[in-house]
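Let me begin by presenting the structure, written as structure tokens, before commenting on it.
Just so it is clear, none of the values below were taken in a lab; they were calculated from the coordinates. Quantities reported herein were computed from a predicted structural model and do not represent experimental measurements. Methodologically, a virtual Cβ is constructed for each residue, glycine included, from the backbone with ideal geometry; neighbour enumeration extends over all protein chains shown.
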């Protein structure tokens, strides 16, 4: 172990898109685990859109904000280097909510031991972690897609959206999505098996494009993005369509709230159902879902991609890039070597 | 029977709020019923907000528009004066979708025979008709209110809203509403048993007012109105709140669509569920619901009010007044005498 820990703390609150100076790399002593805790060496750190909400002073998100000069919230997978919890041994690999730091302690009961035989450990932050569970429950439980229905996904090439489309295909649905580059569009169709997708940055009339790609209308909408992309699905909904609100990334970095068309009358004419959710709402069923996702992964039914940035010091850059769509699949930061 | 029928037809399509000249009273022969039909003499005509959507040329509503110079759509209760349907006798009272006219024929299977021993026949257009069923299913099925929860109702003094609050009270909830006059506010609290209400036309800060009246937050929102009133409920929602979209009367008469704040991120942070519905979605259970509503009415658990305008020729005036909140409870037009 090094003499000192390295941590990324919140130096100032972002106003709009975060900038590098909102973050600061600091050094502090590596803590010792208290009774029931484990000390973890971070291997991969996950950067996710939800973290943006935690950087606001006001409570606009579902968890308390990160305080001034506090370590940024975040999930990691790493190696246990000290253990005062009887379920964990030194050398075990665990996934836990450690934050943006090279070392840290957490209560053992909040950590999940990773089976090295199942899949690469980075998947515990992606397809076999929070994003995978989000896709699973947000599509299957919130929207109850039926075979033959059309599922539309905004943010289709992201960590969650890329899995939603593939799960929709497993369930016999048509999967159609939107993404922000031609490369992403090509990827979700050619590599992931989406039936169609479009580049929203190269399209002016989203309503017409969705109508073209979803010729039988949209039965299920999995929304990662919000804003104009979401508005444009409404004219394409079939009667009885279901909407899962997973993220609204188009809105998180606005300095002023954006106005939009009032959409609620559509709920009457088309008898729509909409539900927002958090992956934690389904915590009792996480093990069952992970088992099914692992099976789909290991039988080739699910593909995934990772965008990996090297070095804890580059976590802010990776985070900002992800918020602007720079990632394909899961955005990770590699903080130290696996062994 | 008179020599000629009287009908109100659509003379021109409203642009914004309807005006008298959008309607025209015409005279035509009284039709004879074909096989399987009944000829009905209208006693009461119902004017309802949904009719406004039918007056637009484009299909913005869930049913085809009324054509130029066609009789306006509407439910009536009346006396059968000729019958070619074996379930109906001359002299029976029936509720049916006859439109704005003094006489008309409908297929017998689309009419509902009214039991004169249960309640006044006008209730078949209100508390024991479409508005009553709308309140029943829109609250109980769409929102599943639990005893002790707070139910907020916009348009609380209207035909539907006034019943929603009372059903909420029967189910052990707190009922709080908004209405457009001090008289309506007084009525829903003193006469109907709402726990609280406010006059939105005399209130500047709706968010603060709802927070004051719903000190434990809002668990269920039954929306008849939309617009700013609906926006203002969102900061007051508890986690897991349910939203029933029944009407959006604040939006129906706008010449230009109104923009509003984007609200969908709230669905994530508060895990909200929203659903739009039509009373016809529950048609299989209408008889069961009517039986329960009748029991509540006849045991004094439900109160109702009617605002009655006399004369078919005044139906446009009554309709326009209702769209502007001139009614207390159900707005009816008395077209002819009961006997």
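Extent of segment A:55-123 along each principal axis, from alpha carbon coordinates, in Å, largest to smallest?
42, 26, 20
Going by Cα centres, segment A:1-48 and segment A:69-145 are how many Å apart?
16 Å
Give me the one-decimal nm value for the distance between modelled label points at residue A:239 and residue A:87, 7 Å along each residue's Cα-to-Cβ direction.
5.0 nm
With a ≥ b ≥ c the root eigenvalues of the C-alpha gyration tensor of the protein assembly as shown, is it rounded (a/c under 1.5), prolate (a/b larger than b/c) or oblate? Display every interim value, and only then the final one.
Values: a/c = 2.58, a/b = 2.21, b/c = 1.17.
In terms of gyration-tensor shape, prolate.
Calculate how steeply helix A:286-298 sits against the longest principal axis of the alpha-carbon atoms of chain A, using the helix alpha-carbon long axis, and give the answer as 0 to 90 degrees to the nearest 10.
Helix A:286-298 sits roughly 80 degrees off the main axis of chain A.
As a test of the formula, what do you get for the protein assembly as shown when each DSSP H run with n ≥ 4 contributes -39,500 (n - 2.57) and the sum is divided by the residue count, at 222 nm and rounded to the nearest 500 deg cm²/dmol?
Using -39500 (n - 2.57) per qualifying helix, the result is -5000 deg cm²/dmol.
Once a ≥ b ≥ c are taken as the square roots of the eigenvalues of the Cα gyration tensor of segment A:125-192, is the result rounded (a/c under 1.5), prolate (a/b larger than b/c) or oblate (a/b not larger than b/c)? Intermediate values should be presented prior to the final figure.
Values: a/c = 1.96, a/b = 1.16, b/c = 1.69.
Because a/c hits 1.5 or more and a/b fails to exceed b/c, segment A:125-192 counts as oblate.
Counting only DSSP beta bridges with both residues in chain B, tell me the antiparallel percent, nearest 5. Don't skip to the end; give the middle numbers.
Working: 30 of 57 bridges.
Percent antiparallel among DSSP bridges in chain B is about 55.
Please work out, to two decimal places, the log10 of the ratio I(q)/I(0) at q = 0.09, 0.11, 0.14, 0.15 Å⁻¹ from a Debye calculation in which every Cα of chain B carries one identical scatterer.
Taking Cα atoms of chain B as identical point scatterers yields -0.48, -0.72, -1.12, -1.26.
At R0 = 45 Å, how high is the FRET efficiency between residue A:295 and residue B:292 if r is their beta carbon distance? Nearest 0.05 is fine.
Numbers: r = 47 Å, r/R0 = 1.05.
For R0 = 45 Å, the calculated efficiency reads 0.45.
Provide the gained length on full extension for the span residue A:216 to residue A:113, in nm with one decimal, where the gain is 0.36 nm per separating residue minus the Cα-Cα distance.
Here the segment from residue A:216 to residue A:113 would lengthen by 32.6 nm.
How many nm is it between the label spots at residue B:317 and residue A:15, if each spot is 7 Å from the Cα in line with the beta carbon?
5.9 nm
State, as an integer percentage, the relative contact order of chain A based on alpha-carbon contacts under 8 Å between residues 6 or more apart.
Details: 744 pairs, mean separation 60.4, N = 339.
Relative contact order, chain A: 18 percent.
Evaluate the distance, in nm, between pseudo-label points positioned 7 Å from the Cα of residue B:205 and of residue A:58 along their respective Cα→Cβ axes.
1.3 nm
State the extension gain, in nm to one decimal, for the chain segment bounded by residue A:284 and residue A:255, taking 0.36 nm per residue of separation less the distance between their alpha-carbons. Don't jump to the answer; show the numbers that get you there.
On the way: separation 29, 0.36 × 29 = 10.44 nm, distance 3.73 nm.
Going from the current span to full extension adds 6.7 nm.
If each label sits 7 angstrom from Cα along the C-beta direction, how far apart, in nm, is residue B:336 from its counterparts in the other copies?
Values, ascending and in nm: 9.1.
Classify segment A:130-280 as rounded, prolate or oblate, taking a ≥ b ≥ c as the square roots of the eigenvalues of its Cα gyration tensor: rounded when a/c is under 1.5, otherwise prolate if a/b is larger than b/c and oblate if not.
Numbers: a/c = 1.17, a/b = 1.08, b/c = 1.08.
In terms of gyration-tensor shape, rounded.
Assuming R0 = 60 Å, what is the FRET efficiency of residue A:68 and residue B:97, from their Cβ-Cβ distance, to the nearest 0.05?
0.40
What FRET efficiency comes out for residue B:27 versus residue B:337 if R0 is 30 angstrom and r is the Cβ-Cβ distance? Round to the nearest 0.05. Spell out each step's value before the answer.
Numbers: r = 20 Å, r/R0 = 0.67.
Once rounded, the FRET efficiency stands at 0.90.
Counting other C-beta atoms within 10 Å, which of B:13, B:305 has the fewest, and how do the rest follow? Intermediate values should be presented prior to the final figure.
Details: B:13 14, B:305 17.
Taking fewest neighbouring Cβ atoms as first place, the list is B:13, B:305.
Helix A:161-170 versus the longest principal axis of chain A: what is the Cα-based angle in degrees, 0 to 90, to the nearest 10?
It is inclined by approximately 60 degrees.
Place the label 7 angstrom along Cα→C-beta at residue A:287 and in each other copy, then list the distances from the first to the rest in nm, shortest first.
4.8
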